[in-house]
Amino acid sequence: MKKGDRFAVLAYNAVEWMEIYAAAAKGGFICVPLMFRLAAAEMEYIINHCEAKVFIVQSGKDPVDGKEFPWINQVNGMKKNIPTVEKYVNFAVDSPSYDGYINYEEMLAKASPEEPATVVDADDPWVIMYTGGTTGRPKGVVKSHLNLFAQYFIMIYDHEFNYDDCNLLVMPCCHVNSLFYSFVATWVGGSVMCYNMVSFNPENLLKTFQDFKVTFTSLVPTHYIMMLALPDEVKAKYDLTSVKKLLISSAPARRDTKLGVLKMFPNSELNEAYGSTEAGIVTVLKPNEQLTKLGSCGREVIGTDYIKFYDEDGNLVTKPNEVGELYSRSPMLFEEYWKEPEKTMAAMKGEYFSAGDMGYRDEDGYIYLVDRKANMIISGGENIFPSEVENVVGGHEKVKDVAVIGVPHEKWGEQVTAIVVLHEGQTMAAEEVSAWCKGKIAGFKVPKNVIFIKDEEMPRSGAGKILHRILREKYGKWSDNA
């Protein structure tokens with residue numbers, strides 16, 4: 001490969017991810033991580049769109065259960081549909097060899113120990129991370145060395161990382177969250193652990209914290225909720241005093257969740273962050289603000305310029321507490337969407353970027369998100385942001401998780417529907433949900449339909465975000481509500 005060539009990577013969490021990202025940086029190559037939860041056709045689209053020349057694939061057996069990883073067989077079935085790929089590489093703990101694949105460890109053993117002669121500039125692309133949109137094909141977010149270097153420096157300063165930190169990467173290493181919190185540790189002489197999260201096991205995670213003296217990790221609210229739901233006698237088995245810093249991101253966290261986390265991790269500070277693959281970290285809610293500014297995602301992180309909000313007519317919002325679309329600018333901001341200049345332009349106002357999130361600034365300068373623009377429900381001419389309803393329904397002690405969508409209605413246009421996951425062993429009637437909401441939110445926001453599903457039926461992204469689009473496709477059609 002030569003400078004600027006793309007290569008794709010398909011793997012669960014493994015230490016090789018760190019080597020691969022670092023190799024891309026040194027050689028001037030562009031790494032294209034693939035989310036392992038994607039279907040084969042979705043992976044094929046990404047590989048063809050970025051024109052990857054090399055495909056690195058995890059092989060061998062899962063050290064946890066001894067089962068063979070599925071990727072070699074899957075990729076073999078994809079080969080005829082990805083003509084740009086010239087070489088296939090496989091890696092594994094036991095380093096097996098496969099026909100048609102270059103063995104990763106053997107390749108490293110034969111490589112020159114000399115530094116590559118390639119000159120890499122700050123503005124050169126380092127990774128292309130494909131993100132799903134509310135509609136259409138995924139977009140390739142191009143992040144340069146400068147974008148990510150800025151991210152690391154800002155996080156080192158803001159979260160006070162140092163040489164004695166041990167960062168545990170629980171989120172998929174193919175996801176931007178783990179990329180954000182990987183090299184921050186190595187740059188200050190700390191340690192990085194890649195948690196083998198094929199399926200999330202909350203007790204095993206607590207054991208990992210204890211056994212390896214983990215000091216930091218970044219999780220989504222669902223992870224924390226699952227740990228908090230463990231029996232008290234299980235939680236009491238583990239010494240969690242090494243954990244000094246925790247981050248909640250990707251979705252708002254409820255008050256009871258935050259209080260539970262602070263109790264479970266007595267030596268830890270809790271930060272809550274808002275950001276995106278494109279923008280990096282945009283805001284942070286600091287530890288001393290967690291309960292005084294509940295519901296806020298904080299204020300601009302260092303390096304992020306003053307956030308702007310624009311109303312639906314494109315006018316700048318100047319008053320506090322007025323909802324608008326959020327735009328941010330910082331050195332962490334992505335370069336472009338790969339080969340899609342029109343979509344890049346559509347997401348920008350000048351040098352400011354929007355991920356499509358709606359929010360407002362209060363009188364004290366704190367930012368609040370109300371929802372994604374694409375998820376907004378319009379019922380009887382009233383705008384309803386699902387997160388408002390989700391926060392109320394989610395406050396019921398029986399509710400483990402909830403997503404709110406709009407479904408077509410002949411009279412009102414759309415009707416509020418809550419899709420609810422209950423804690424294990426709990427039962428609940430739809431009427432209980434409505435009764436719980438009455439008086440807490442406006443009547444037109446109270447769910448008119450309630451659908452109970454199992455936890456594994458709730459569609460999520462690789463980052464743990466609930467995919468409202470999938471729920472609308474499944475439950476939000478006219479035929480479902482005749």
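The values are calculated or read from the model by the stated rules, or taken from the named source; none is laboratory data. Just so it is clear, the model here is predicted, and its values are computed rather than measured. Here Cβ is always computed from backbone atoms with ideal geometry, including for glycine, and neighbour counts include all displayed protein chains.
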_Of the residues Met458, Met428, only one is more than 25 Å from Leu326 (Cβ to Cβ), in contact with a Leu (Cβ under 9 Å, 6 or more places away or on another chain), surrounded by fewer than 17 Cβ atoms within 10 Å (Cβ to Cβ) and modelled with pLDDT of 80 or more; which?_
Met428
_Top-ranked residue of segment 262-299 - restricted to ones that are part of a strand (DSSP E or B) and farther than 25 Å from Tyr130 by Cα, ranked as nearest to the chain's Cα centre (by Cα)_ = Asn271
*In the set Ala8, Ala24, which member is surrounded by 20 or more Cβ atoms within 10 Å (Cβ to Cβ), part of a helix (DSSP H, G or I) and either in contact (Cβ under 8 Å) with a residue 12 or more places away in the chain or not assigned by TED's automatic domain parsing to the domain that holds Leu168 (or both)?*
Ala24
*Could you list all residues from segment 343-367 that are crowded, with 20+ Cβ neighbours inside 10 Å and assigned to a strand (DSSP E or B)?*
Phe353, Asp357, Met358, Gly359, Arg361, Ile367
_Could you check segment 260-283 and list, in sequence order, the residues that are touching a helix residue (DSSP H, G or I) at 6+ places or on another chain (Cβ under 6 Å), at pLDDT 95 or above and under 30 Å from Glu335 (Cβ atoms)?_
Gly280
_Failed item, numbered, when Lys80 is tested on (1) farther than 30 Å from Gly303 by Cβ; (2) touching a Ser or Thr at 6+ places or on another chain (Cβ under 6 Å)_ = (2)
*With Ile367, Ile378 as the choices, which residue is out of contact with any helix residue (DSSP H, G or I) (no Cβ under 8 Å at 6 or more places or on another chain) and at pLDDT 90 or above?*
Ile367
